[in-house]
Amino acid sequence: MVLHTILPKVAVHWLINLYRAARKLRSNAFQYCRNSTTTTKPSTEAISSSERTMPSAADRTVVCDFHGGLLRSTGIFPYFMLVAFEGGSPLRALVLLGFSPLVWILGERSDAGVRIMTFVTFVGLRPRDADLVARAVLPKFYMERLHAQVYDHLWLPAKRKVALTSTPRVMAECFLKEYMAANVVVGCELQMVEVGRVWYFTGLLCGSGSGPGLGQKALREAFEADGNMADVAVVGSSNPLDHLCAPYCKELYVVSWESGETARLPRERYPKPLIFHDGRLAFLPTAPAMLAFFLFLPLGFILSVIRISIGIVLPYNISFAASALAGVCFRTSGRRVPEAGAKRRGVLFVCTHRTLVDPIMLTAALQKPVPAVTYSLSRLSEIIAPIKTVRLTRDRDHDAAMMSRLLEQGDLAVCPEGTTCREPYLLRFSPLFAELADDMEPVALDAQVTSLYGTTASGHKWLDPVAFFANPVPAYRVEFLGAVPRDQTRAGGRTSAEVANWVQRRLGEALGFECTGLSRRDKYIMLAGNDGVVRK
């Protein structure tokens, strides 16, 4: 009878306590703690990054909490969401989003919160799918959120590196060992079951232990591998691993979330260049961001259909205005009016490769249809393409003869990289195009997205155009760089490889991209575990 009067008071009491707890969690950039060789709790001394320079950890053993220590945020929900969406399905991600309020109440890094997220994310998931996400999707999001001060002063110079993670070890081990050169990765393990000779995750963690599945035994083995105690431990603010690390380290650093806001590691200082990555999501999928994404998704699909229909149905002279009204940002520059007089052969447009719609954007910029050659294209994409597409066979002589015939008939578009690359890098250019024509013009193409990537290596490629145009404001840039000088062609005495390298450098300078010697095969071996060739 009195519940209606008691419950509001209890709710207000909990809100006040939560507010006070949040205020207490705010601290200075670093709290420095010294610990003796005993296992007593060390005393703390609060200092800020401006008052004190973090000493180097050269030639010492460093134990670092991955989330909140090495990374600039203690949140782990977005990484579970990435596994659920990319390794599972959008439906699994939607279910995980539905559990996010409960996870927030329990605490993301609490034992109960981690177990709930782990079960929803991994139950029924194959280890191969989880490994693919850990290898091809998560490293990009981890790399972009590395804490510069912790990485430079504590992690990088350390002699022995031990990483602790509150998530299942399968989510972080690949990145920590391959990119961060970690010697040991300590995290909770997942149970698996075999069904019909195929292994699946049960979604349950092996054993129980304080600090999201981390047992004292595993920590002790990691800390005492090279001696009685670890030299330095780094944990995040309000970290449940804090009280576990303290007895096994001589020095303890607690990194606050405030320091992470201005401690982003620049791309040029990444442990390894971030060139290849897969997955559809182009943003960090926090709970609010994913809620906005799922609310926008139906509208995004409708916009995608409208935008694709504009390119198929409408004439080129009005497609620009119609696309702009539909929210597509399209910029073109450097286009030159062709000189009067008939040409014996067509012009070979050498383009960078960002998405499958590159040739369509080139055609829109030229205001005339230009055939394009491609190595792999879904049947649906071929049917709806408003231009002629020709499949290459990867037989060099056969492909050269086919492209020569097309050039005799008119202009031709080719992407010598052979595959797409999302990051500001250019892959190795195949020199085949340089052997076919001396009348060439490089075209710099670049695409920008905010929600969904329009490319994939291991997913459904027929969805690539749909995903690209489902972004709120997809953007494309087309820049014509002029004809290749005659002295830089084979007619000027250059080899085909030299011509290809010159064109690659010219396009890289125009876009501000870095040229690499990596190929299509390198990309697909890393992202999909194959050489990128579809076999019948």
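Summary table below
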| read-out | value |
| --- | --- |
| Residue check for Val95: assigned to a helix (DSSP H, G or I) and surrounded by fewer than 17 Cβ atoms within 10 Å (Cβ to Cβ) | yes |
| Qualifying residue in segment 464-481 (condition: closer than 22 Å to Leu432 by Cα and either aliphatic (A, V, I, L, M) or open to solvent by less than 20 Å² (accessible area, probe 1.4 Å) (or both)) | yes |
| Filter result for Glu86 (free of Cβ contacts under 8 Å to residues at least 40 places away in the same chain, out of contact with any Pro (no Cβ under 9 Å at 6 or more places or on another chain) and either under 23 Å from Met143 (Cβ atoms) or not in a helix (DSSP H, G or I) (or both)) | no |
| Residue within segment 101-115 that is open to solvent by 10 Å² or more (accessible area, probe 1.4 Å), touching a residue at least 40 places away in the same chain (Cβ under 8 Å), farther than 19 Å from Arg72 by Cβ and basic (Lys, Arg) present | yes |
| Filtered residues of segment 279-304 (kept if more than 23 Å from the chain's Cα centre (by Cα) and exposed (fewer than 13 other Cβ atoms within 10 Å of the Cβ)) | Pro298, Leu299, Ile302 |
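The values are calculated or read from the model by the stated rules, or taken from the named source; none is laboratory data. Note that the coordinates shown come from a computational prediction; the quantities given were computed from them, not determined experimentally. With ideal geometry, Cβ positions are generated from the backbone for all residues, glycine too; neighbour counts draw on all protein chains shown. Ligands, DNA and RNA are excluded from the accessible area calculation, which covers all protein heavy atoms including side chains. Shrake-Rupley method; radii C 1.70, N 1.55, O 1.52, S 1.80 Å.
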